[in-house]
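Below is one structure; the comments refer to it alone.
The values are calculated or read from the model by the stated rules, or taken from the named source; none is laboratory data. Predicted, not measured: the structure shown is a model, and the values here were computed from it. For neighbour counting, all protein chains shown are included, and Cβ atoms are generated from backbone atoms with ideal geometry for every residue, glycine included.
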């Protein structure tokens, strides 16, 4: 029920601080919501924020009340009775009002306010009381009049007579709607013939149902009806107002010709003026209405996505980045390096003839390095020689990003869901470059295992033993060929030491090489697992920066927009 009622009650106070905070929240919601909010509602909200700033910046305690109604409702006659003189044009020819007319009570200058309202025709009302009591004795005792003395002070009231909102002149309708956007209190003036007019109820009252605190309903020209007909029309109009959203509205029956009800209307206007709260109440209702119009464009909550650990996404990106190829190359490179350190020294040189797996991919940082050098990166212009992702790998990435977008945006309104989907689908070329750089800048090597060095030393000792045995046999053969006296050859059991050194060194070296190759296979798989983890960590960083972070940013904007709208609606 509207608080604009008889007695000392005034409009519920809205502090300037709370109104400013709500307006700021509405503006913040528009800013954070961006293109995901409906453009029409955003434009309306922006205009309301502007209006709040302009209206609150005007100095003075005026309250702007508009008499609005259809053609023939008697607005102008009612206006003239309230101001006490024929300011507005009244006549049988319609439309008679093409521009707003203002009546101003009080000595405080209202020029800046009327300039802002765009009202040129102005009349200053002397005194601070109502001038509309004709003193008809027939109305006494009916609650329809009580004299000007029963009405409180109207000091600060700015009363406007608007053009007909159903005028056949388009410019008149546009002007009426323009001013209605700016006023503080609405007085809907209708008559017994048009009180059920669809344009009044559907286009105006229903659209401003949230402004019931600053709404007054007047049934004018009741002098044409009997008391029973007045009661019937008032009851019907009250029902229509309730249907429009203004519950328990009080309808004031008035007559400009007899003065009936003008004291009641005057008291309502006095209540509106008292405390100078109507302007902030109207603006607060505008902010609430705008926030309510924007609220369906955001959901009640946001889904949670992991900052890291999107397994399916990382798997797909790793496959597209060629991580399995790199891991296999690391394992082969480890095996080759192990053979070059632990293999049979006489055949170890063969490894140098075989192409290096990592070097073929332009990922070789040099033996024993911990990470790729900048010189290597510059030498290949920051690119590896990894093959491009296969169609299956690209399809896996598309599927993973689509599923991520579905999880993040399925519960959001369509524009937000589309924004999430777009954020989760970065440019293919940029993503390929980022993945390639992630692979290049990931360390693919570790320090040489200690057992390689130990086995390598043992292999060198065995090789020296073989050489010693061979030299021993050569010396013995030369001595025999020269028929020198034979030298007694020491024995190790039944076997001569040259034989033991030669063949024993060869057999032991080959066996040690085979065992080392087996151990190298185990080490290669372990190294591959370590490098796979490093690469996946690097890929996870790319996924966070290129996909998850943009999606999270959309969800954060959605959360902020929702919170700002909820804050604006509480004014």
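Residue under question is residue 444, and the condition is that it be within 30 Å of residue 551 (Cα to Cα) and not in a helix (DSSP H, G or I); does it hold? Working first, answer last.
Values: within 30 Å of residue 551 (Cα to Cα): no; not in a helix (DSSP H, G or I): yes.
No: the conditions fail for residue 444.
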Would it be correct to say that residue 213 is free of Cβ contacts under 8 Å to residues at least 40 places away in the same chain and either buried (at least 20 other Cβ atoms within 10 Å of the Cβ) or closer than 16 Å to residue 187 by Cα (or both)? no
If we ask which residues in region 260-278 are modelled with pLDDT under 90 and not in a helix (DSSP H, G or I), their number turns out to be 1
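Can you tell me which residues in region 542-554 are crowded, with 16+ Cβ neighbours inside 10 Å, out of contact with any helix residue (DSSP H, G or I) (no Cβ under 7 Å at 6 or more places or on another chain) and at pLDDT 85 or above? Give the derivation first.
Going residue by residue through region 542-554, those that are crowded, with 16+ Cβ neighbours inside 10 Å are 542-544, 546-548, 550-552, 554.
In the following step, the residues that additionally are out of contact with any helix residue (DSSP H, G or I) (no Cβ under 7 Å at 6 or more places or on another chain) were identified as 544, 548, 552.
Selection gives 548, 552.
Out of 2, 76, report the one residue that is under 18 Å from residue 162 (Cα atoms), touching a strand residue (DSSP E or B) at 6+ places or on another chain (Cβ under 7 Å) and modelled with pLDDT under 90. Reasoning before the result, please.
Working: 2 fails: under 18 Å from residue 162 (Cα atoms).
Checking each option against the conditions leaves just 76.
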Those residues of region 280-304 that are out of contact with any helix residue (DSSP H, G or I) (no Cβ under 6 Å at 6 or more places or on another chain) and at pLDDT below 90 come to a total of 1
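Out of 450, 372, report the one residue that is on the phi < 0 side of the Ramachandran plot and at pLDDT below 80.
Numbers: 450 fails: at pLDDT below 80.
Just a single option satisfies the conditions, and that option is 372.
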(1) within 20 Å of residue 176 (Cα to Cα); (2) buried (at least 22 other Cβ atoms within 10 Å of the Cβ); (3) out of contact with any strand residue (DSSP E or B) (no Cβ under 6 Å at 6 or more places or on another chain) all hold for residue 266 apart from (1)
Right, residue 567: without any contact (Cβ under 8 Å) to a residue 40 or more places away in the chain and in a helix (DSSP H, G or I) or not? no
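Given the criteria at pLDDT 90 or above, under 21 Å from residue 258 (Cα atoms), in the same structural domain as residue 83 (by TED's automatic domain parsing) and crowded, with 21+ Cβ neighbours inside 10 Å, does residue 133 qualify?
no
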Only one of 295, 243 is under 22 Å from residue 196 (Cα atoms) and either outside the structural domain of residue 532 (by TED's automatic domain parsing) or part of a loop (DSSP other than H, G, I, E, B) (or both), namely 243
Looking at the structure I just gave you, is residue 480 touching a residue at least 24 places away in the same chain (Cβ under 8 Å) and either more than 30 Å from residue 399 (Cβ to Cβ) or in a loop (DSSP other than H, G, I, E, B) (or both)?
no
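Provide a single number: the residues in region 54-80 that are assigned to a helix (DSSP H, G or I) and touching a helix residue (DSSP H, G or I) at 6+ places or on another chain (Cβ under 7 Å). Reasoning before the result, please.
Restricting attention to region 54-80, the residues satisfying the condition of being assigned to a helix (DSSP H, G or I) are 54-57, 75-80.
Subset that is touching a helix residue (DSSP H, G or I) at 6+ places or on another chain (Cβ under 7 Å): 54-56.
Summing the residues that are assigned to a helix (DSSP H, G or I) and touching a helix residue (DSSP H, G or I) at 6+ places or on another chain (Cβ under 7 Å) in region 54-80 gives 3.
Here is a list: 423, 529. Which entry is at pLDDT 80 or above and in contact with a helix residue (DSSP H, G or I) (Cβ under 6 Å, 6 or more places away or on another chain)? Break it down into steps so the answer makes sense when it comes.
Numbers: 529 fails: in contact with a helix residue (DSSP H, G or I) (Cβ under 6 Å, 6 or more places away or on another chain).
It is 423.
Would it be correct to say that residue 314 is at pLDDT 80 or above, over 30 Å from residue 515 (Cα atoms) and surrounded by 14 or more Cβ atoms within 10 Å (Cβ to Cβ)? Before the answer, list the steps.
Values: at pLDDT 80 or above: yes; over 30 Å from residue 515 (Cα atoms): yes; surrounded by 14 or more Cβ atoms within 10 Å (Cβ to Cβ): yes.
So residue 314 passes the test.
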In region 216-251, residues that are crowded, with 18+ Cβ neighbours inside 10 Å and closer than 20 Å to residue 293 by Cα total 2
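Collect the residues in region 447-457 that are in a helix (DSSP H, G or I) and either surrounded by 15 or more Cβ atoms within 10 Å (Cβ to Cβ) or touching a residue at least 60 places away in the same chain (Cβ under 8 Å) (or both), keeping them in residue-number order.
Step one: filter region 447-457 for residues in a helix (DSSP H, G or I), giving 450-457.
The answer is 451, 452, 453, 455, 456.
Yes or no, residue by residue, for (1) in a helix (DSSP H, G or I); (2) surrounded by fewer than 16 Cβ atoms within 10 Å (Cβ to Cβ); (3) in contact (Cβ under 8 Å) with a residue 24 or more places away in the chain:
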site	(1), (2), (3)
408	yes, no, yes
417	yes, no, no
430	yes, yes, yes
434	yes, no, yes
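For region 496-517, check the following and say yes or no: at least one residue is closer than 30 Å to residue 441 by Cα, part of a helix (DSSP H, G or I) and outside the structural domain of residue 438 (by TED's automatic domain parsing).
Yes, that holds for at least one residue.
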